[in-house]
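These notes concern the structure reproduced below.
The values are calculated or read from the model by the stated rules, or taken from the named source; none is laboratory data. Everything numeric here is computed off the predicted structure, so don't read it as measured data. Please note: Cβ atoms are built from the backbone with ideal geometry, for glycine as well, and neighbour counts cover all protein chains shown. Each accessible area value is taken on the protein alone, full model and side chains, heavy atoms only, with ligands, DNA and RNA left out. Shrake-Rupley method; radii C 1.70, N 1.55, O 1.52, S 1.80 Å.
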Amino acid sequence: QIQLVESGGGLVQAGGSLRLSCEVSGRTFMSYPLGWFRQAPGKERAFVAVSGRGGQTTMYEESVKGRFTISRDNAKNTLYLQMNSLQPEDTAVYYCARSRLFGTPMKSSQYDSWGQGTQVTVSS
């Protein structure tokens with residue numbers, strides 16, 4: 001059974017940067033799309049970014065384009081989210097997730113395995 005464990009969250013001032021990591025267990029790391037989602041208080045879980053199978057394709061939610069970068073280290077079975085120019089509206093719990101679908105799924109319902117989440121708080 002696959003397990004995903006996020007780390008790297010924390011408190012940062014507006015304009016700062018954080019890098020989230022998601023360590024994925026199992027030997028099929030390259031075989032699935034892996035995504036990042038976030039959930040702010042009182043809001044639904046929302047798509048942030050996805051890395052397609054093997055990491056050759058990526059997609060981003062509009063508001064993070066040019067600021068966030070999703071990447072994989074296949075040797076370490078780890079997914080990353082580099083977040084730059086953070087703003088208070090980026091404050092949320094960030095989750096990584098695995099999908100069994102092809103392409104670059106962007107709906108939370110298209111993912112079947114989730115990590116426990118890591119808190120990101122951006123102060124103004």
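List of remarks:
- Shape category assigned to the range 78-124 from the gyration tensor of Cα positions, a/c cut at 1.5: prolate
- Straight-distance crosslink candidates among lysines, where the alpha carbon sits under 16 Å from residue 43 and sequence neighbours closer than 8 are dropped: 107
- Karplus (6.51, -1.76, 1.60) ³J(HN,Hα), θ = phi - 60°, over the range 71-86, in Hz, Gly and Pro reported as x: 8, 10, 10, 5, 5, 9, 6, 10, 9, 10, 9, 7, 10, 10, 6, 5
- Listed residues 113, 25, 63, most fluctuating in the chain (Gaussian network, C-alpha, under 10 Å): 63
- Over the chain, accessible surface divided per residue gives 53 Å², non-protein components excluded, 1.4 Å probe.
- Modelled FRET efficiency - R0 25 Å, residue 107 with residue 13, Cβ distances, 0.05 increments: 0.20
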